[in-house]
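To start, the structure itself, in structure tokens.
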Amino acid sequence: MSTDAIVLLKEDHKEMRRLFKEFQQAEDAPAAQRGKLVGEILEALTVHTYLENEVMYPEVRKLLPDLEDDILESYEEHHVADLLCAELFAMDASHEHYNAKTTVLIENVLHHVEEEEQEWFPKVREALGRNQLQEIGERMIALRPDAPRTPTDPKAIKSAKDAVTA
């Protein structure tokens, strides 16, 4: 398994895309099935966002001040996704807005992922190089087992608040 931070984040993105596709194929499925899928999506997003907020973004911000505007935009995109995640977490899957809210979350996350992969990651890779990205990735791997799994976990809430006020 690679320890490169960008490779790790792209693996998370791939898993999210898979979950998003699975949800989209199950939009007419029973509420319990959709709720289970959204639960998996929320867990994947919560862990991923936490790792970016706690390790990747602060480290890149410190090492590459020229990318500060990109990082601040990413924090704000996370904030919007965090709000949607918290609302979905509290919402019953049978609610008439459940699918629509999940679709909006998916669209927002896919936009964010596309920007990261097409614009931000290439700049970071070029500027930091393999060794620094591996060190950042190792920190992310070490933090992953203790990362929050739900958007209402106090660690997730604190990380999100700290990111917005960073």
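Computed quantities for the displayed model
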{"item": "Of all residues making up region 34-50, the number that are crowded, with 23+ Cβ neighbours inside 10 Å, under 15 Å from PRO145 (Cβ atoms) and either hydrophobic (A, V, I, L, M, F, W, C) or out of contact with any Cys (no Cβ under 8 Å at 6 or more places or on another chain) (or both)", "result": "2"}
{"item": "Among residues of region 51-71, those that are surrounded by 15 or more Cβ atoms within 10 Å (Cβ to Cβ), under 19 Å from the mean Cα position of the chain (by Cα) and not β-branched (Val, Ile, Thr), counted", "result": "11"}
{"item": "Among (1) in a helix (DSSP H, G or I); (2) surrounded by 15 or more Cβ atoms within 10 Å (Cβ to Cβ), the one test that ALA93 misses", "result": "(1)"}
{"item": "Filter result (touching a helix residue (DSSP H, G or I) at 6+ places or on another chain (Cβ under 8 Å), over 30 Å from GLU59 (Cβ atoms) and either among the small types (Gly, Ala, Ser) or free of Cβ contacts under 8 Å to residues at least 60 places away in the same chain (or both)) within region 1-26", "result": "GLU22, ALA26"}
{"item": "Residues of region 135-166 satisfying the condition of being assigned to a loop (DSSP other than H, G, I, E, B) and under 21 Å from LEU63 (Cα atoms)", "result": "THR165, ALA166"}
{"item": "Breaking point among (1) within 13 Å of the chain's Cα centre (by Cα); (2) in contact (Cβ under 8 Å) with a residue 12 or more places away in the chain, for VAL164", "result": "(1)"}
{"item": "Considering residues of region 18-54 that are of a type in the set (D, E, K, R) and over 21 Å from GLU76 (Cα atoms) only, the residue modelled with the lowest pLDDT", "result": "GLU27"}
{"item": "Tabulated pairs, region 27-42, first touching a residue at least 24 places away in the same chain (Cβ under 8 Å) and basic (Lys, Arg), second assigned to a helix (DSSP H, G or I) and surrounded by 15 or more Cβ atoms within 10 Å (Cβ to Cβ), C-beta under 8 angstrom, 6+ apart or interchain", "result": "ARG34/PHE23; ARG34/TYR98; ARG34/ASN99; ARG34/THR102"}
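The values are calculated or read from the model by the stated rules, or taken from the named source; none is laboratory data. Just so it is clear, the structure is predicted and the values come from calculations on it, not from any experiment. Because the Cβ atoms are built from the backbone with ideal geometry, glycine has one as well, and the counts that use them run over all protein chains shown.
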